[in-house]
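I have placed the structure first, in the form of structure tokens, so that the comments after it can refer back to it.
Each value in this text was obtained by applying a stated rule to the coordinates, not by laboratory testing. Note that the structure is predicted; figures quoted are calculated from it, not measured. Heads up, the Cβs are rebuilt from the backbone with ideal geometry, glycines too, and the neighbour counts pull from every protein chain shown.
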Amino acid sequence: MLTREAALQLVLRRLAALGRELGKPDLERADEQTRLFGEASALDSIGLVTLIADLEEDVRQATGRDVVLADEKAMSRLTSPFRRAGLLADHLVATLAETSR
Amino acid sequence: MPLALVTGSSRGLGRALAERLLAAGWTVHGFARQPGGWTHPAYVEHAVDVGDPAAVRSAVAALTASGATIDLLVNNAGVAAMNALLLTPPAVAAELMRVNYLGTFHCLQAVGKAMVRARQGRILNVTTVAVPLSLEGEAAYVASKAAVEALTKVAARELGPHGIVVAAVGLGPVDTRLTRAVGAAQLERLNRDIGRPAGTTLAEAADFLFRQALDPALVGGSVHYLAEFP
């Protein structure tokens with residue numbers, strides 16, 4: 001299981017790594033309000049896909065569990081869990097809780 | 001040693017391609033519903049139904065868990081059914097889409113994520129000359145492969161920026177279990193129509209796939225047919 005804080009740290013660490021890779025220093029200073037897609041976001045659609053793919057592997061390494069973050073529930077929510085870093089951390093915790101049931 | 005994942009590797013074209021890759025020094029993992037009954041020191045077979053997304057995800061996760069990267073995915077697993085459109089049972093049409101299209105989709109998605117993480121990779125989807133020929137008597141099969149070709153083109157655009165090349169290779173009739181249901185006269189006409197009157201052997205088809213898979217000039221979104229259309 002992953003605490004909310006640990007989930008947020010996973011997201012922020014991955015964003016920082018992506019920032020270094022993509023030459024986007026803003027991502028290295030990301031916090032939970034950082035927008036992940038849409039207007040004023042530091043990531044384009046390619047960056048978001050990379051983030052999700054990398055993050056799923058980070059979760060597997062951290063918890064030994066395989067998760068799919070872009071599942072049907074996530075994609076149909078009114079407020080997308082991919083909008084901000086903090087929402088993605090919430091979604092990660094919820095997904096892990098659900099798959100452990 | 002480069003690593004390839006070939007679906008439908010237990011027999012026919014998948015096995016022939018896997019053996020071709022193994023002979024060239026690749027490590028090959030294969031997905032197959034039934035055990036193929038053949039072995040090689042660098043070949044690992046996984047019991048996977050490609051139409052089952054959870055099984056595909058789990059097998060790909062197991063394969064990459066040790067840090068292995070998949071350099072090449074060949075979506076070869078497929079089923080065929082030759083029926084006149086109006087006589088095709090809905091269950092047959094559904095199974096064709098489940099294995100041919102969704103099987104390709106699930107593998108592309110699971111392996112695509114692993115390749116995005118590796119920032120490189122190559123994916124080859126197997127289709128058929130029956131698509132550009134709009135071959136009568138194979139409506140549901142042709143539709144499932146047309147969906148594979150459309151998927152290939154979109155996937156190439158989405159995954160290209162991640163360093164992944166996605167293309168398709170279309171074959172004519174090859175003497176495998178898949179084509180046994182086709183009548184001799186129809187096979188002869190089809191082979192004539194695609195400029196290969198002598199037909200295509202399994203070795204020729206596997207060699208064509210192998211060369212396309214390794215061609216450094218392979219263009220994402222392209223569909224290459226082993227045929228000469230008039």
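What does the C-alpha gyration tensor say about the overall shape of segment B:37-97? Classify as rounded when a/c is under 1.5, otherwise prolate if a/b is larger than b/c, or oblate.
prolate
I'd like the distance separating the alpha-carbon centroids of segment B:157-230 and segment B:100-127, in whole Å.
18
Counting only C-alpha contacts under 8 Å and six or more residues apart, can you give the relative contact order of chain B as a whole percent?
20
Rg(Cα) of segment B:107-230 divided by 2.2 N^0.38 Å?
1.12
Tally the DSSP beta bridges in the protein assembly as shown and give the antiparallel ones as a percent, rounded to 5.
The answer is about 5 percent antiparallel.
Quick one: work out Rg over Rh on the C-alpha atoms of segment B:1-83, Rh as Kirkwood radius.
Over the Cα atoms of segment B:1-83, Rg/Rh equals 0.96.
Can you list the HN-Hα couplings for segment B:75-89, worked out from phi with the Karplus curve (6.51, -1.76, 1.60; θ = phi - 60°), rounded to whole Hz and with x for Gly and Pro?
Those phi angles translate into 7, 10, 4, x, 10, 10, 8, 9, 9, 4, 3, 6, 10, 7, x Hz.
Pairs of Cα atoms under 8 Å, at least six residues apart: use those to get the relative contact order of segment B:82-181, whole percent.
That works out to 36 percent.
Determine the dipole magnitude for segment B:127-205: charges of +1 sit on the beta-carbon of Lys and Arg, -1 on that of Asp and Glu, nothing else is charged, the reference point is the Cα centre, and the result goes in debye to the nearest 20.
So the magnitude is around 60 debye.
What does the helix-only formula give at 222 nm for chain B: each DSSP H stretch with n ≥ 4 adding -39500 (n - 2.57), the total divided by the residues, and the result rounded to the nearest 500 deg cm²/dmol?
Rounded to the nearest 500, the figure is -13000 deg cm²/dmol.
For helix A:45-63, what angle does its Cα long axis make with the longest principal axis of chain A, in degrees from 0 to 90 and rounded to 10?
Approximately 40 degrees, to the nearest 10.
Mind checking B:161-170 for the average number of partner chain beta-carbons within 10 Å of each residue's beta-carbon?
Going residue by residue through B:161-170 and averaging, the value is 1.
Neighbouring Cβ atoms within 10 Å as the yardstick, rank B:Arg157, B:Arg33 fewest first.
Arranged by neighbour count, lowest to highest, B:Arg157, B:Arg33 become B:Arg157, B:Arg33.
Where q = 0.08, 0.11, 0.13 Å⁻¹, what log10 of I(q)/I(0) comes from the Debye formula for the protein assembly as shown, counting one point per Cα?
With one equal scatterer per Cα and no solvent, log10 I(q)/I(0) is -0.42, -0.74, -0.97.
Across the residues of A:45-52, average count of Cβ atoms on other protein chains within 10 Å?
Taking the mean over all residues of the peptide, I get 3.
When we measure straight from the Cα of B:Lys153, which lysines land under 20 angstrom away, once same-chain ones fewer than 8 places off are left out?
B:Lys113, B:Lys145
Could you list the residues of segment A:77-96 with an amide nitrogen less than 18 Å from a label point located 7 Å from the Cα of A:Asp26 in the Cα-to-C-beta direction?
Correct set: A:82-88.
Please report the net charge: other residues with Cβ closer than 14 Å to the Cβ of B:Ala156, K and R +1, D and E -1.
Cβ neighbours under 14 Å give a net charge of +1.
Taking 8 Å as the Cα distance limit and 6 or more residues as the minimum spacing, I'd like the relative contact order of segment B:181-230 as a percentage.
Reported as a whole number, the value is 49 percent.
Rounded to the nearest 20 Debye, what is the dipole magnitude of chain A about its Cα centre when Lys and Arg each give +1 and Asp and Glu each give -1 at the C-beta?
160
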